[in-house]
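Undergrad: Dropping a structure here in structure tokens format, bear with me for questions.
Nothing in this text is a laboratory measurement; each read-out follows from the coordinates by a stated rule. Computed from a predicted structure; not experimentally measured. Heads up, the Cβs are rebuilt from the backbone with ideal geometry, glycines too, and the neighbour counts pull from every protein chain shown.
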Amino acid sequence: MMSAPVLRLPLAPSPLLALAIVALHALAAGCVLAALPGPSSAALAIALFALGLAAAWSRALLRSRASVLALEVSSAKLALELAGGERIDAEAAERRYVSRFFVALPLRRPRRTILITAGMMSAADFRRLRIWALWGRLPGVAAAQLPA
């Protein structure tokens, strides 16, 4: 009996996504300062900005031990390789958001959402990920048969 083919998709840090995360959190912090006067609003603004830095560090720059460094996809399974060396079998939800710029993979187990931008992997791997996210299976053509 043959096992299903497994595609390993390594992820690279995305400085552009990190910049967007930090910029949006800074914008939110500015809105808090503009809308609410007083020292408590300053504390909230600092907390929002710090949250943006932590999110960029973990999710976009892949520096946290819980950051996803690689995905292993097959028709039936999804596995996550974390920066801490741990490998987790995951269950993707049926509804996924796929565009030409990013793929959002909500997971049932563990409960989290993974955002993968086009700059986090090669164009060919990103295309394979989008096909898998849309159809739930890998492309059926061997890589050697694809035109150059």
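Undergrad: Given DSSP loops and a limit of at most 16 other Cβ atoms within 10 Å, what is the longest stretch of the chain that contains no such GluC sites (Glu not before Pro)?
TA: Numbers: sites that count: GLU86, GLU94.
Answer from the scan: 1-85.
Undergrad: Under 5 Å between amide H atoms, partner at least 5 residues away or on a different chain: which partners does LEU78 have, H built in plane at 1.01 Å?
TA: Placed amide hydrogens put ALA90 under 5 Å from LEU78.
Undergrad: Enter the Cα centre distance for the pair segment 51-130 and segment 1-44, rounded to the nearest angstrom.
TA: That distance is 14 Å.
Undergrad: Further question on the same structure: Report the relative contact order of the chain, percent, no decimals, based on alpha-carbon pairs under 8 angstrom and at least 6 residues apart. Could you put the intermediate results ahead of the total?
TA: Details: 223 pairs, mean separation 30.3, N = 148.
The value is 20 percent.
Undergrad: Oh, and also: Once every DSSP H run of n ≥ 4 in the chain is given -39500 (n - 2.57) and the sum is divided by its residues, what mean residue ellipticity at 222 nm do you get, rounded to the nearest 500 deg cm²/dmol?
TA: Details: 3 runs with 51 residues, N = 148.
Computed mean residue ellipticity for the chain: -11500 deg cm²/dmol.
Undergrad: So, counting K/R as plus one and D/E as minus one, what does the shell of residues with Cβ under 10 Å around LEU80 add up to?
TA: Details: positive: ARG87, ARG112; negative: GLU72, GLU81, GLU86, ASP89.
The answer is -2.
Undergrad: Distance in nm between label sites at TRP57 and ALA12, each 7 Å beyond Cα in the beta-carbon direction?
TA: A separation of 2.4 nm, rounded to one decimal place.
Undergrad: Taking Cα atoms, how many degrees apart are the long axis of helix 39-55 and the longest axis of the chain, rounded to 10 and kept between 0 and 90?
TA: For helix 39-55, the angle is close to 20 degrees.
Undergrad: Here's a follow-up. Can you tell me the FRET efficiency between ALA42 and LEU19 if r is taken as the Cβ-Cβ distance and R0 is 25 Å, rounded to the nearest 0.05? Intermediate values should be presented prior to the final figure.
TA: Numbers: r = 24 Å, r/R0 = 0.95.
The computed FRET efficiency comes out at 0.55.
Undergrad: Amide H neighbours of SER67 under 5 Å, at least 5 residues apart or on other chains, H built in the peptide plane: list them.
TA: For SER67, whose amide H was placed from the backbone, the distant partners under 5 Å are ALA83, GLY84.
Undergrad: Shifting gears a bit: Could you tell me the calculated FRET efficiency between ALA123 and ALA35, based on Cβ-Cβ distance and R0 = 35 angstrom, to the nearest 0.05?
TA: Details: r = 42 Å, r/R0 = 1.21.
Efficiency, from the Cβ-Cβ distance: 0.25.
Undergrad: In addition: Could you give me the ³J(HN,Hα) list for segment 89-99, computed from phi with Karplus coefficients 6.51, -1.76, 1.60 and θ = phi - 60°, whole Hz, x at Gly and Pro?
TA: Listing the rounded values in order: 7, 10, 10, 7, 6, 5, 8, 9, 10, 10, 9 Hz.
Undergrad: Which residues' amide hydrogens lie under 5 Å from the amide hydrogen of LEU11, considering only partners 5 or more residues apart or on another chain, with H built in the peptide plane?
TA: Amide H neighbours of LEU11, under 5 Å, 5+ apart: ALA70, LEU71.
Undergrad: Right, next: How far is it, in nm, from the label point at ALA104 to the one at ALA70 when both lie 7 Å from their Cα along the line to the Cβ?
TA: 2.8
Undergrad: If you don't mind, there's one more thing I want to ask. Which entry in (i) 0.94; (ii) 1.08; (iii) 1.59 matches Rg/Rh (Cα atoms, Kirkwood Rh) derived from the coordinates of this structure?
TA: (ii)
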